[in-house]
């Protein structure tokens, strides 16, 4: 793969996005309530056409949007990303009816989507999901009908609209969902949830099915969680929530492919979010150290400070290059996307943590004052090292892919 570099049109678009984020999105973000869905902000993202681009652009454009928005307004970036994460399974694996009903509303910013994978006892170990989908009745005829309307092929990637019908195993056409989800972004305020539930016990990742569950289904309740980062996160309780074959995303018992297909796209863009925060912290540090008087000169004149800033810039640029290399690999359909996505997410999120922390140190106490840019970034930057697969999980994925490439298990 050739080295990644931005084209002039992409550079101009990023500058435009930063301006939009600062002038139109940040004022709406500042009016929002921490820990709550900011529907006015989401609606503005829709009016600007950015939400629609989640479903019409590739991974590189997704990363450009996330990095640019994160630089100027992390709340806008997160609102955009959560709409994409929650609704991408519908776009890539949903039926025509599911897509027609939900995607226009998500794109307009009038419906809030959420991705419900994690559970109290199954965070990093997604194969240990315990939310039960208990079947009701014989769905042989229904399963056969539904198999012809799927948009996902047997390996979990999107299929062309005119793909031939799939062979779907016989099974129930109705289920009841019972259990809990936790650490779910946009919960409990979302309008629809991509929910992963166990349809076949004792089979690990192989027995999980993805369902598209509207928030108004009977038996579905939730509660907000107070977290360090200010975006909305909550828990969900499923008390025999009814779902049918019309709610399945992809294929029964193959929902883990839906989850991994979504995460392979969004992991590099989590890295782009982190790079945007790192760049904002770096630029703030350059301005501060260039203008701050200390020890008879400027802070930048101290070699230790200058070297620290150089290290921050070096790591930020290295992370940026890896993020866009991974996104380019995804857009080109490269075979090593899982490894590249994990590497990009790992390096970028760890780098952002380092850069923001170093920026706080160089700014001193002022950076810890409530309302300071770095105080905000310091709270925001910690979570990405955990969600969508903690750093330790990313290392495990990388090692697994490396050993698989030589035909050996780690």
Options 360, 355, 393; residue that is farther than 29 Å from residue 288 by Cβ and not assigned by TED's automatic domain parsing to the domain that holds residue 72: 393
Please find, among 200, 168, 154, the residue that is farther than 26 Å from residue 104 by Cβ, modelled with pLDDT of 90 or more, outside the structural domain of residue 77 (by TED's automatic domain parsing) and assigned to a loop (DSSP other than H, G, I, E, B). 200
Being crowded, with 22+ Cβ neighbours inside 10 Å and within 19 Å of the chain's Cα centre (by Cα) is the filter; apply it to the range 235-256 and report the residue that is modelled with the lowest pLDDT. 256
Is one or more of the residues making up the range 48-65 surrounded by 17 or more Cβ atoms within 10 Å (Cβ to Cβ) and over 26 Å from residue 325 (Cα atoms)? yes
Subset of the range 303-312, residues farther than 11 Å from residue 352 by Cα and either assigned by TED's automatic domain parsing to the domain that holds residue 62 or surrounded by 15 or more Cβ atoms within 10 Å (Cβ to Cβ) (or both), comes to 305, 308, 309
Looking for something surrounded by fewer than 22 Cβ atoms within 10 Å (Cβ to Cβ) and within 26 Å of residue 117 (Cβ to Cβ) - is there at least one such residue anywhere in the range 351-360? yes
Residue within the range 78-94 that is over 19 Å from the mean Cα position of the chain (by Cα), part of a loop (DSSP other than H, G, I, E, B) and in contact (Cβ under 8 Å) with a residue 60 or more places away in the chain present: no
Does at least one position in the range 217-232 carry a residue that is closer than 30 Å to residue 101 by Cβ, in contact (Cβ under 8 Å) with a residue 60 or more places away in the chain and crowded, with 19+ Cβ neighbours inside 10 Å? yes
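Here is a yes/no grid of residues against (1) in contact with a helix residue (DSSP H, G or I) (Cβ under 8 Å, 6 or more places away or on another chain); (2) under 20 Å from residue 128 (Cα atoms); (3) in the same structural domain as residue 33 (by TED's automatic domain parsing):
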{"residue": "220", "(1), (2), (3)": "no, no, no"}
{"residue": "227", "(1), (2), (3)": "yes, no, no"}
{"residue": "231", "(1), (2), (3)": "yes, no, no"}
{"residue": "238", "(1), (2), (3)": "no, yes, no"}
{"residue": "241", "(1), (2), (3)": "no, no, no"}
{"residue": "268", "(1), (2), (3)": "yes, no, no"}
{"residue": "271", "(1), (2), (3)": "yes, no, no"}
{"residue": "274", "(1), (2), (3)": "yes, no, no"}
{"residue": "280", "(1), (2), (3)": "yes, no, no"}
Can you tell me which residues in the range 361-373 are within 19 Å of residue 228 (Cβ to Cβ) and in contact (Cβ under 8 Å) with a residue 60 or more places away in the chain? 373
Do the conditions hold for residue 268, that is, is it surrounded by fewer than 16 Cβ atoms within 10 Å (Cβ to Cβ) and closer than 30 Å to residue 203 by Cβ? no
State yes or no: is residue 127 part of a helix (DSSP H, G or I) and either surrounded by fewer than 24 Cβ atoms within 10 Å (Cβ to Cβ) or modelled with pLDDT under 95 (or both)? yes
Among the residues that make up the range 69-80, is at least one of them outside the structural domain of residue 380 (by TED's automatic domain parsing) and within 19 Å of residue 328 (Cα to Cα)? no
Residues satisfying the stated conditions in the range 186-196, i.e. touching a strand residue (DSSP E or B) at 6+ places or on another chain (Cβ under 6 Å) and surrounded by fewer than 24 Cβ atoms within 10 Å (Cβ to Cβ): 188
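The values are calculated or read from the model by the stated rules, or taken from the named source; none is laboratory data. The structure displayed is predicted, hence computed values, not measured ones. When we count neighbours, we look across all protein chains shown, and the Cβ atoms used for this are built from the backbone with ideal geometry, even at glycine.
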